[in-house]
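Q: This is the structure I want to talk about, given as structure tokens.
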Amino acid sequence: MLRAEYEGVKAMLNTNTIRVPTPITFGTHKETNQSFVLFEYLEFCGGGSQYELGVALAEMHKDGLSSISPNSNNKDGDGRGGGGGGGGKFGFHVNNTIGATFQPNLPWYDDWADFWDEHRLGHMLKLTNNAGLPDEKIVKLRQKTRELLSSTNRDGDPIIASIVHGDLWGGNKGFCKDNKDDGSNNNKNNKNNKVLPVIFDPAAYYGDREVDVAMTYVFGGFNGDFYEGYNSEWPLSTGHEKRRTIYNLYHILNHDVLFGGGYINQARSMIEQILRY
């Protein structure tokens with residue numbers, strides 16, 4: 001799955017928006033047969049603007065608006081097809097992981113609700129034995145989820161296939177020194193002092209941008225400046241608060257898979273909340 005890590009960071013890098021550690025190479029060591037992936041070294045630091053982080057994340061998501069047209073040749077060879085204005089497909093050209101849990105991204109889907117039902121909600125329900133709930137309730141949950149993810153609940157806003165980080169909790173964002181020569185003289189040690197927001201360790205795919213914003217609420221680490229910055233660049237669509245519960249249910253179910261404990265009760269509570277919407 002290290003290739004998937006490489007490919008996910010590369011897809012974010014290719015938007016030429018938010019800072020990520022540049023992926024260099026991946027492979028298998030000939031002598032030890034151990035897999036590896038190599039990224040650029042970044043010098044992390046304190047400070048930095050969460051407002052700028054929000055703006056940069058929205059800029060990355062907006063790249064989906066100007067993606068290739070359905071009839072274009074995809075220079076990245078990701079099999080995606082599709083284009084701006086919601087024409088892009090949902091998924092990714094490789095499967096990856098969310099934490100240590102397998103995350104399917106293939107096959108690609110034209111419809112976002114279909115993708116979420118099959119590759120995200122349906123996948124986690126299988127892994128958690130339907131969260132221990134009766135089949136009848138699960139059928140209602142999946143029907144309600146499809147309804148809430150429909151574009152008809154967004155006042156006409158299209159669902160864009162944006163590249164998303166996919167695992168954007170507070171531990172996967174930070175700030176780093178720019179570490180680029182500012183060009184003021186020939187001293188190689190002369191670096192500018194700019195601090196940039198950076199994201200890393202993704203579970204990337206092409207999906208609804210709201211999945212990233214939703215996850216920032218799960219464990220904290222993002223303040224009001226972040227949300228103000230994001231919405232200044234690309235305001236969230238009508239109904240995003242309800243969709244936040246849907247998207248974060250995926251992560252809470254995954255935490256039950258990974259850690260057990262009280263996460264299953266939290267998931268069941270979220271399911272009841274969704275059914276009340």
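The values are calculated or read from the model by the stated rules, or taken from the named source; none is laboratory data. All figures in this text were calculated on a predicted structure; none of them were measured in a lab. Quick reminder, even Gly has a Cβ in these numbers, built from the backbone with ideal geometry, and neighbours come from all protein chains shown. Surface areas here come from the heavy atoms of the whole protein model, side chains and all, with no ligands, DNA or RNA. Shrake-Rupley method; radii C 1.70, N 1.55, O 1.52, S 1.80 Å.
Q: Which percent of the accessible area of the chain is formed by carbon and sulfur heavy atoms (probe 1.4 angstrom)?
A: 47
Q: Related question: How far apart, in nm, are two points set 7 Å out from the Cα along the Cα-to-Cβ line at Gln273 and at Phe44?
A: Taking the simple label geometry, Gln273 and Phe44 are separated by 2.8 nm.
Q: May I ask you to derive the FRET efficiency for Leu258 and Thr28 from their Cβ-Cβ distance with R0 = 30 Å, giving the value to the nearest 0.05?
A: Computed FRET efficiency for Leu258 and Thr28: 0.70.
Q: For Ile18, enumerate residues with amide H under 5 Å from its amide H, sequence gap 5+ or separate chain, H modeled in the peptide plane.
A: HN-HN under 5 Å from Ile18: Met60.
Q: Just list whichever of Lys62/Lys173; Lys140/Lys242; Lys10/Lys173; Lys89/Lys140; Lys137/Lys242; Lys62/Lys89 have alpha carbons separated by over 22 Å in the model shown.
A: Exceeds cut-off: Lys89/Lys140.
Q: So for the chain, taking the charge dipole from beta-carbon charges (+1 Lys/Arg, -1 Asp/Glu), which of Tyr205, Asn96, Ile163 sits furthest toward the positive end?
A: Asn96
Q: Compute the Rg to Rh ratio over the chain from the alpha carbon atoms, using the Kirkwood formula for Rh, and round to two decimal places.
A: My calculation puts Rg/Rh at 0.98.
Q: OK, next. Quick one: what are the phi-derived ³J(HN,Hα) couplings along the range 168-178, Karplus 6.51/-1.76/1.60 with θ = phi - 60°, whole Hz, x for glycine and proline?
A: Each residue of the range 168-178 in turn: 8, 8, x, x, 10, 9, x, 9, 9, 6, 4 Hz.
Q: Another question, if that's okay. For the chain, what is the calculated [θ] at 222 nm in deg cm²/dmol (nearest 500), taking -39500 (n - 2.57) for each run of four or more DSSP H residues and dividing by its residue count?
A: One gets -11000 deg cm²/dmol as the mean residue ellipticity at 222 nm.
Q: Using only the Cα atoms of the range 189-258, what are the Rg and Dmax in Å?
A: Both quantities, over Cα of the range 189-258: 15.1, 50 Å.
Q: Using a 1.4 Å probe, how large is the accessible area of Thr17, given in Å² and rounded to the nearest 10?
A: 50
Q: In whole Hz, what ³J(HN,Hα) sequence does the range 144-157 give by Karplus (6.51, -1.76, 1.60; θ = phi - 60°), x for Gly and Pro?
A: Karplus values, whole Hz, x for Gly and Pro: 5, 4, 4, 4, 6, 8, 5, 5, 5, 9, 10, 6, x, 5.
Q: If you put +1 on each Lys and Arg Cβ and -1 on each Asp and Glu Cβ, how big is the dipole of the chain around its Cα centre, in Debye rounded to 20?
A: 260
Q: Provide the gained length on full extension for the span Asn231 to Asn129, in nm with one decimal, where the gain is 0.36 nm per separating residue minus the Cα-Cα distance.
A: 33.0 nm
Q: Which length gain, in nm to one decimal place, applies between Thr152 and Asn265 when the Cα-Cα distance is subtracted from 0.36 nm times their residue separation?
A: Between Thr152 and Asn265, full extension yields an extra 37.6 nm.
Q: Oh, and also: Under Stokes-Einstein, with the Kirkwood radius over Cα pairs standing in for Rh, what whole-number D in µm²/s applies to the range 100-187 at 10 °C and 1.306 mPa s?
A: 95
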